[in-house]
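A short worksheet on the structure shown next.
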Amino acid sequence: MIVHQARFRALITLYPDDPHPATLRPHAREYPNPTRALVIRARPLRNVGSIRYIPAEICWDSAQSLHPGDRAWVTVTVTDDDAGAYIDAGQRFTLWSGGDVGDGIIARKVYTRYSPS
């Protein structure tokens, strides 16, 4: 079996605390560095297929945790055989953790590896 791992640089923005608790947005939280608590929700690059939820490891240069309202340059690592059909430079995505908690845009791919598992 071949496992596909790719890394991307992205600019993300976490949505601020929601002043209206009756909305469907999940409770705001703190995200330590690195975090696997966030999932990328992306549309297919060629608009063929459905939206995909892709588990990701997200890390940034600071040792500080990210909080609602923060904006940061991050490195996103995904291990998904179909990631190339959903994630590439210029692609917008939503950060998901039980609901929409932020969004981002991919700046560039920085690493790809195929390896036997």
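Couple of notes before you dig in:
- Yes/no for residue 13 being surrounded by 12 or more Cβ atoms within 10 Å (Cβ to Cβ) and at pLDDT 95 or above: yes
- Among residues of the stretch 45-61 being farther than 16 Å from residue 77 by Cα and of a type in the set (Gly, Ala, Ser), the one that is modelled with the highest pLDDT is 50.
- Residues of the stretch 53-70 classified as of a type outside the set (Phe, Trp, Tyr) and either over 21 Å from residue 109 (Cβ atoms) or assigned to a loop (DSSP other than H, G, I, E, B) (or both), total: 11
- Filtered residues of the stretch 31-44 (kept if at pLDDT 90 or above and either in a loop (DSSP other than H, G, I, E, B) or out of contact with any Leu (no Cβ under 9 Å at 6 or more places or on another chain) (or both)): 32, 33, 34, 36, 38, 42, 43, 44
- The set of residues in the stretch 62-81 that are surrounded by 15 or more Cβ atoms within 10 Å (Cβ to Cβ) and either at pLDDT 90 or above or on the phi > 0 side of the Ramachandran plot (or both) comprises 66, 68, 70, 72, 74, 75, 76, 77, 78.
- So residue 89, is it touching a strand residue (DSSP E or B) at 6+ places or on another chain (Cβ under 7 Å) and not in a strand (DSSP E or B): yes
- Residue list for the stretch 71-86, restricted to those being in a strand (DSSP E or B) and more than 18 Å from residue 13 (Cα to Cα): 78, 79
The values are calculated or read from the model by the stated rules, or taken from the named source; none is laboratory data. The structure displayed is predicted, hence computed values, not measured ones. Positions of Cβ are backbone-derived with ideal geometry, glycine not excepted, and every protein chain shown enters the neighbour counts.
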